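Below: the structure, in structure tokens.
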Amino acid sequence: MPNLLQWYPGHMTKARRELSALLPSQDVLIEVLDARLRDSISNPLLRELSGKKPCVKVLAKSDLADPARTEAWLQQLRAEPNVAAFAAAKSRAAETRTRIHALCKDMALTRGPDKAVRALVVGVPNVGKSTLINVLMDRSVAAVGDKPAITKAQQHVVMKSGMKLTDSPGIMWPKIEYEACALRLAFAGSIPDTAVDYLSVGMFGAGLLLADYRDLLIARFKLSPVPASPEALLEAIGRRRGGLRPGGVVDLHKAAEVFVHEFRSGAIGRITLDAPPRAD
């Protein structure tokens, strides 16, 4: 299996240096987080670089996430100092533009009322930064794709409201401490497929969904009886989705690819991989 714990392309070193140089001139950060991975995708490097800079945390792809868990994560984020939080979705573009501009203006306390707010958009690769920029601009100004590391250089744009936005390349932290965190990032697509062993990632994801979203799996893949293990789940998917080799042997790698892509697209249902901490 590729070393997901140390996937750190060379352009990210340059992006980190540029980010450090740009931060002092910015009034507020807009940190884009995948709503399905709120905990795993929170970048410790960004926390280190940004210090106490006001931050609007945007839970992107919330239309793919479990609504109850999204709300729980929003409540936790809003309790943090110098943080505002909002759940964004493509289907609510106008609301997203209005709310994020208002939140940034409120958070930029040192900015005079007649001066345009300067906001830096940050996040890990393939989290939806450029998509958010396009939503905020109400037109396509940033390249987007379903692969990580599409944006490799900073881009500066100005919203109709006057707010100045900088889109930055997605950056990972140099070494992911826990394998489970790396596998969650790979399952959701924040680590490129060239660095991913689909079978390992699929097995991991199958275990998560069997534990928390069994009913969605049953409905999507017409499972009866319910598989008892991740391997049994992938075997069942392979049999139903053209993954049989000669002799009736299931191609588990192909089944894992189908499963991973169906999760990423939202075809299985609205799922959040990171459970919010329980209130005491």
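The values are calculated or read from the model by the stated rules, or taken from the named source; none is laboratory data. Since we're looking at a predicted model, the values are computed, not measured. Cβ: placed from backbone, ideal geometry, glycine included. Neighbour counts: every protein chain shown.
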- Message: For the range 182-200, give me the residue count where each residue is in a helix (DSSP H, G or I) and buried (at least 24 other Cβ atoms within 10 Å of the Cβ).
- Response: 7
- Task: Assess whether Gly207 counts as being farther than 30 Å from Ala60 by Cα and either within 25 Å of the chain's Cα centre (by Cα) or assigned to a loop (DSSP other than H, G, I, E, B) (or both).
- Result: no
- Quick check: is even one residue across the range 270-279 assigned to a loop (DSSP other than H, G, I, E, B), over 29 Å from Val122 (Cα atoms) and charged (D, E, K, R)? no
- Query: Mind checking whether some residue in the range 245-253 is aliphatic (A, V, I, L, M), in contact (Cβ under 8 Å) with a residue 40 or more places away in the chain, under 18 Å from Val127 (Cα atoms) and assigned by TED's automatic domain parsing to the domain that holds Arg220?
  - Reply: no
- Message: Here is a list: Gly248, Gly266, Gly242. Which entry is surrounded by fewer than 15 Cβ atoms within 10 Å (Cβ to Cβ) and within 16 Å of Ala65 (Cβ to Cβ)?
- Response: Gly266
- Residues of the range 11-31 being more than 12 Å from Ile171 (Cβ to Cβ), in contact with a strand residue (DSSP E or B) (Cβ under 8 Å, 6 or more places away or on another chain) and of a type in the set (A, V, I, L, M), in sequence order, are Leu22, Leu23, Val28, Leu29, Ile30
- Task: Find the residue count for the range 210-239, including only residues that are touching a residue at least 24 places away in the same chain (Cβ under 8 Å), among the aliphatic types (A, V, I, L, M) and more than 25 Å from Ala68 (Cα to Cα).
- Result: 2
